[in-house]
Amino acid sequence: MHVIIERNRMVHDVQHVAKAVSSRTTIPILTGIKLVADANGLTLTGSDSDLSIESFIPKEENEREIVQIEQAGSIVLQSKYFAEIVKKLPGETIEIQVHDQFAATIRSGSSVFTLNGLDPEEYPRLPQLKEDLIFSLPQDMLRNIIRQTVFAVSTQETRPVLTGVNIETENGELICTATDSHRLAMRKTKIDSQDEGLEFKNVVIPGKSLQELSKILEDTSDLAEIVVTENQILFKLGNLLFFSRLLEGKYPVTSSMIPTQFKTSFVVKTKELVHTLERAMLLSREAKNNVINVKTLGDNQIEITSTSQEIGKVTEKMATDQFEGDEIRISFNGKNILDALKVVDSDEVQIFLTGAMSPFVIRPIDSDHYLHLFSPVRTY
């Protein structure tokens, strides 16, 4: 194999595929990035067997030559070194030449590296998926959906299925749900599909996979094509393919958890609530459970307090709008609320309460396509 490629493009694509490579893998070949050069261009692949990313760099793009293919071939190079080397190379182009025994020479400017590679024939093949269930979403919307849900997945492996985001379809809508059993984030959106009867349930994507995907997605309305199969999901982003294994197990039915009737509701300014909670948590976080207490005062006001027996107490009043229903007191984990408020794009949120020990809901005031559900904390 012998190729000459634009350095900036190589750095960009190597950084993407390296996201799938794990240093903790027990399979030595998967510590590397596979390079395959053919008549059409250069293909890079990284994988940890759960997550695989393949990026294709065409010979030409927009009538500009990006890769010169002097000789077709393939090699697997250690990701840890190869990714760092290409990033630090001084020239505008990178020349990669593979010799006997899988030794590779990498030249750029006046720098010359020789890396010991691995046999590309040992590298696992990427899954060939039946493309029966396909739909599309704009990349910027997909990135936003991930941002508004993935923070709520569980970090505990005791229930592995909760470490992922569940996606399902209903009446032409995609419903994305994440929960760690103390909080829940749900986001809905209309989807673009050639198949009008597109239906699937219990498709659980690992939270870690989605976090890596969101780093690759661009702030563009270009469509990401999404292919769903029984145990894999594939995101097609132009010349990049992002494969992820799906989590096994039955995701809990969450629609029944969301209350439909409320005793109390009010509207607050999102940023003001964030700042108030951050101040209250200066004391509560010392107690490790981040407990914040809220009491409605009537007269369109709420009182937010936090107490630490060792340190002291903080009290702050806050104006509300559109107050309806009964007076109420409730306690909750302030960190969970803050995590949710930080992904809300609306200036105001509406809070719906059903009782001191019942789950409560926070919704953006100007949107009914996503919500957050929280369990209160018992303080007595």
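Checking every one of the trypsin sites (Lys or Arg not before Pro) in the range 113-165 against DSSP loop status and a limit of 10 other Cβ atoms within 10 Å picks out Arg125, Lys130. Loop-resident trypsin sites (Lys or Arg not before Pro) (DSSP state other than H, G, I, E or B) in the range 1-49 with no more than 11 further Cβ atoms inside 10 Å of their Cβ: Arg24.
Leaving out same-chain residues fewer than 8 places away, which lysines sit with a Cα under 20 Å from that of Lys201? Qualifying lysines at Cα under 20 Å: Lys130, Lys188, Lys190, Lys250. Dipole magnitude for the range 260-374: about 460 debye, using +1 per Lys or Arg Cβ and -1 per Asp or Glu Cβ, origin at the Cα centre.
Remark: the His2-Asp345 segment gains 118.6 nm on full extension, using 0.36 nm per residue and subtracting the alpha carbon distance. Residues whose amide H comes within less than 5 Å of that of Val203, counting only those at least five positions distant or on another chain, are Ile167 (H built at 1.01 Å from N in the peptide plane).
The lysine pair count for the range 260-374, using Cα distances under 25 Å and pairs eight or more places apart or on different chains, is 27. Taking N as the residue count of the chain, its C-alpha radius of gyration divided by 2.2 N^0.38 Å amounts to 1.20.
Using Cβ counts within 10 Å as a stand-in for footprinting exposure, how do Asp140, Asp366 rank, fewest first? Could the numbers behind the result be given before it?
On the way: Asp140 15, Asp366 11.
Listed from fewest to most nearby Cβ atoms, that is Asp366, Asp140.
Relative to the longest principal axis of the Cα atoms of the chain, the long axis of helix 207-216 lies at roughly 60 degrees. With the Cα gyration tensor of the range 1-142 giving a ≥ b ≥ c as the square roots of its eigenvalues, does the rule (a/c under 1.5 for rounded; else a/b larger than b/c for prolate; else oblate) give rounded, prolate or oblate? Since a/c reaches 1.5 but b/c is at least a/b, the shape of the range 1-142 is classed as oblate. P(r) for the range 191-339, from all Cα pairs and a bin width of 5 Å, is 2, 7, 12, 12, 11, 10, 10, 12, 12, 8, 3, 0, 0 %, short bins first. Rounding to the nearest 10 and keeping the result within 0 to 90°, find how far the Cα-based axis of helix 7-18 lies from the longest principal axis of the chain. The two axes meet at around 60 degrees.
Dipole of the range 88-215 (Lys/Arg Cβ +1, Asp/Glu Cβ -1, origin at the Cα centre): which of Ser111, Ser214, Gly91 lies farthest to the positive side? Checked the options; the winner is Ser214. Among residues other than His2 with Cβ under 9 Å from its Cβ, the summed charge is -2 (Lys and Arg +1, Asp and Glu -1). Counting only alpha carbon atoms, the long axis of helix 79-88 and the longest principal axis of the chain meet at about 80°.
Can you find, among Pro127, Ile292, Ile66, the residue farthest towards the positive end of the dipole of the chain? Put +1 on the C-beta of Lys and Arg, -1 on that of Asp and Glu. Of the listed residues, the answer is Ile292.
None of the figures in this text is laboratory data; all of them are computed from the coordinates on show. On a predicted model such as this, the values are computed, not experimentally measured, just so you know. Please note: Cβ atoms are built from the backbone with ideal geometry, for glycine as well, and neighbour counts cover all protein chains shown.
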